[in-house]
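**Student:** Right, I'll just put the structure down here and ask away after.
The values are calculated or read from the model by the stated rules, or taken from the named source; none is laboratory data. As the structure is a prediction and not an experimental result, all values here were calculated from the model. Counting neighbours? That spans all protein chains shown, and the Cβs are built from the backbone with ideal geometry, glycine included. Heads up: the accessible areas ignore ligands, DNA and RNA and are worked out on the full protein's heavy atoms, side chains in. Shrake-Rupley method; radii C 1.70, N 1.55, O 1.52, S 1.80 Å.
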Amino acid sequence: MTSPQHVITGLSGGVDSSTAACLLVRQGFRVTGLNVRVLDTPEESPVLKPSAMRVSDSEEFDFPVFTLNLSAKFARDVIGYFHSDYLAGRTPNPCMVCNKAIKWFGLFEAMRLLGADCVATGHYARVELHDGVTRLCKGVDPEKDQSYFLWMLCQAELAQTLFPLGGLAKTEVRELARSFGVHSAEKKESQEICFVPHDDYCAYLAGAIPGLEARVAGGEIVDQAGKVIGHHRGYPFYTIGQRRGLGVATGEPVYVTEIDAARNRIRVGGKADLECRSLIASGMNWSAVAAPDAPFDTEARIRYRDRQSACTVEPLAGNGGDRARVTFREPKLGVACGQAVVFYDGDKVLGGGIIAEVNPETQDQKILG
């Protein structure tokens with residue numbers, strides 16, 4: 001890709017996105033910043049508006065910035081999804097949905113409106129072009145790699161996306177930020193969900209969904225044999241693998257192994273009961289390969305900080321190739337419906353899907369809802 005190309009760069013106000021924008025300027029690109037607003041007064045017809053936002057006092061990095069208010073779309077596509085998944089007994093991942101439905105949607109809308117050539121973000125990931133296919137790859141810093149959250153992106157999006165930080169370590173980014181005079185160079189990172197205060201999703205759900213606590217209070221806690229051993233505050237307030245706050249005494253550590261939304265019941269068991277040999281994934285997106293029509297061996301991660309594990313992926317008939325069975329060579333612990341399973345060939349992302357069922361061949365271990 002040759003300069004000077006016009007690139008729309010997402011700006012959050014943090015050190016990563018700000019440094020990515022400055023790095024693109026230094027590399028000769030014509031940069032326009034885009035700050036997507038998601039928690040403002042909703043606007044059903046969002047338009048680009050000039051912003052006074054500046055990432056550095058240096059004249060070299062004094063590029064134009066616009067805002068785009070996608071608060072209404074965010075409320076529907078991200079917050080609404082977050083609520084519905086918890087109410088269905090699943091464990092949602094709002095960041096991966098936000099990337100696709102909000103961030104890239106906004107970036108490509110700005111690219112269209114401003115006649116730009118491509119978009120860029122401060123994610124720690126890379127893209128490589130091979131035989132006409134743009135492949136999403138892991139960032140070189142294993143502690144910061146964010147490829148897991150980007151599996152929903154399609155070829156058209158990847159082909160027009162730059163990741164300036166993908167080949168850098170976080171320490172290098174901090175040093176670049178200081179050298180560029182970036183205002184947020186020393187800003188601490190936040191791992192919280194932006195719309196969940198203090199990262200307390202239980203308190204958030206209780207306040208955001210009227211009457212929820214009263215509606216679900218007093219549900220049963222059962223052991224692996226189905227015996228009632230206690231009661232809980234409501235199924236949406238628990239996640240698979242949770243150990244603390246269960247309020248039951250069994251003489252040994254127990255974990256949430258199943259969430260039954262229909263019965264407002266949670267099942268608990270020992271660590272071995274968290275083992276998952278296979279799962280069904282839905283909503284498949286194959287970003288770097290054609291949708292498979294036969295089983296194949298690869299590696300997968302079932303959460304952001306998970307290690308890649310050998311598995312076999314078997315496409316399932318029907319549903320337009322939307323579903324697949326994933327069987328692991330070694331059992332995985334704490335696999336939760338609603339999270340993503342993402343497939344890798346080394347450092348390259350092949351695709352992914354949403355975990356819909358866990359251990360589907362064993363009916364009494366299938367997570368309902």
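**Student:** Please report the equivalent ellipsoid semi-axes of the chain, computed as sqrt(5 x eigenvalue) of the Cα gyration tensor, largest first, in whole Å.
**Tutor:** Rounded to whole Å, the semi-axes are 39, 25, 18.
**Student:** Also, quick follow-up: What number results when the radius of gyration of segment 196-255, computed over Cα atoms, is divided by 2.2 N^0.38 Å?
**Tutor:** This ratio for segment 196-255 stands at 1.23.
**Student:** Let me ask another. Normalised by the number of residues in segment 179-312, what is the relative contact order in percent for Cα pairs under 8 Å and 6+ residues apart?
**Tutor:** 14 percent
**Student:** List the relative contact order of the chain as a percent without decimals, with contacts defined as Cα pairs under 8 Å and 6+ residues apart.
**Tutor:** It comes to 15 percent, rounded to a whole number.
**Student:** Leaving out ligands and nucleic acids, and using a 1.4 Å probe, what accessible area per residue does segment 169-296 come to in Å²?
**Tutor:** 53 Å²
**Student:** Related question: Relative contact order of segment 280-353: what whole-number percent is it, with Cα pairs under 8 angstrom and at least 6 residues apart?
**Tutor:** Normalised by residue count, the contact order of segment 280-353 is 39 percent.
**Student:** Quick one: the Cα spread of segment 228-369 along its three principal axes, in angstroms, biggest first?
**Tutor:** 49, 28, 22
**Student:** At 0.36 nm per residue, and after removing the present C-alpha to C-alpha distance, how many nm does the segment from LEU48 to PHE195 gain when stretched out fully?
**Tutor:** 50.7 nm
**Student:** Helix-derived [θ] at 222 nm for the chain: sum -39500 (n - 2.57) over DSSP H runs of at least 4, divide by residue count, nearest 500?
**Tutor:** Helix contribution divided over all residues of the chain: -5000 deg cm²/dmol.
**Student:** Could you work out the longest stretch of the chain that avoids the GluC sites (Glu not before Pro) located in DSSP loops with at most 15 other Cβ atoms within 10 Å?
**Tutor:** Here the longest run is 193-360.
**Student:** In addition: Considering only DSSP states other than H, G, I, E and B, which trypsin sites (Lys or Arg not before Pro) in segment 166-195 qualify as loop sites with at most 16 other Cβ atoms within 10 Å?
**Tutor:** LYS187, LYS188
**Student:** What lysines does LYS227 reach when the alpha-carbon gap must be under 21 Å and sequence neighbours fewer than 8 apart in one chain are set aside?
**Tutor:** LYS271, LYS366
**Student:** Let me ask you something else. So for segment 99-212: antiparallel DSSP bridges make up what percent, rounded to the nearest 5?
**Tutor:** Rounded to the nearest five, the antiparallel share is 75 percent.
**Student:** Taking the Cα centre of segment 173-321 as origin, work out the dipole magnitude from +1 charges on Lys and Arg Cβ and -1 charges on Asp and Glu Cβ, in debye rounded to 20.
**Tutor:** Dipole magnitude for segment 173-321 comes out near 360 debye.
**Student:** A further question follows. I'd like the distance between the alpha-carbon centres of segment 3-69 and segment 163-225, rounded to an integer number of Å.
**Tutor:** With segment 3-69 and segment 163-225 each reduced to a Cα centre, they are spaced 22 Å.
**Student:** Let me ask something else about it. Taking only the C-alpha atoms, wrap a convex hull around segment 278-335 and report its volume per residue in Å³ as a whole number.
**Tutor:** About 90 Å³ per residue, rounded to a whole number.
**Student:** May I ask which residue of GLY28, ILE354, THR257 lies farthest towards the positive end of the charge dipole of the chain, with charges of +1 (Lys, Arg) and -1 (Asp, Glu) on Cβ and the Cα centre as origin?
**Tutor:** THR257
**Student:** Spelling out what I want: for every residue of segment 195-206, take phi, set θ = phi - 60°, compute 6.51 cos²θ - 1.76 cosθ + 1.60 (Karplus), and round to whole Hz; glycine and proline get x.
**Tutor:** 9, 10, x, 6, 6, 9, 5, 5, 4, 4, 4, 4
**Student:** Another question about this same structure. Express the carbon and sulfur contribution to the solvent-accessible surface of the chain as a percent, rounded to the nearest whole number, probe 1.4 angstrom.
**Tutor:** 50 percent
**Student:** Report the charge-dipole magnitude of the chain in Debye, nearest 20, computed about the Cα centre from +1 at each Lys and Arg Cβ and -1 at each Asp and Glu Cβ.
**Tutor:** In total the dipole reaches around 420 debye.
**Student:** Under a point-charge model restricted to the Cβ atoms of Lys and Arg (+1) and Asp and Glu (-1), what is the dipole moment magnitude of segment 82-192 relative to its Cα centre, in debye to the nearest 20?
**Tutor:** 140 debye
**Student:** Find how much the distance from SER282 to ALA310 grows on full extension, using 0.36 nm per residue of separation minus their present alpha carbon separation; answer in nm with one decimal.
**Tutor:** Extra length from SER282 to ALA310 when fully extended: 8.1 nm.
**Student:** If you look at just the Cα atoms of segment 1-134, how large are its Rg and its Dmax in Å?
**Tutor:** For segment 1-134, the Cα radius of gyration and maximum Cα-Cα distance read 16.1, 51 Å.
**Student:** Compute the Rg to Rh ratio over segment 144-210 from the alpha carbon atoms, using the Kirkwood formula for Rh, and round to two decimal places.
**Tutor:** When Rh is taken as the Kirkwood radius, the ratio is 1.10.
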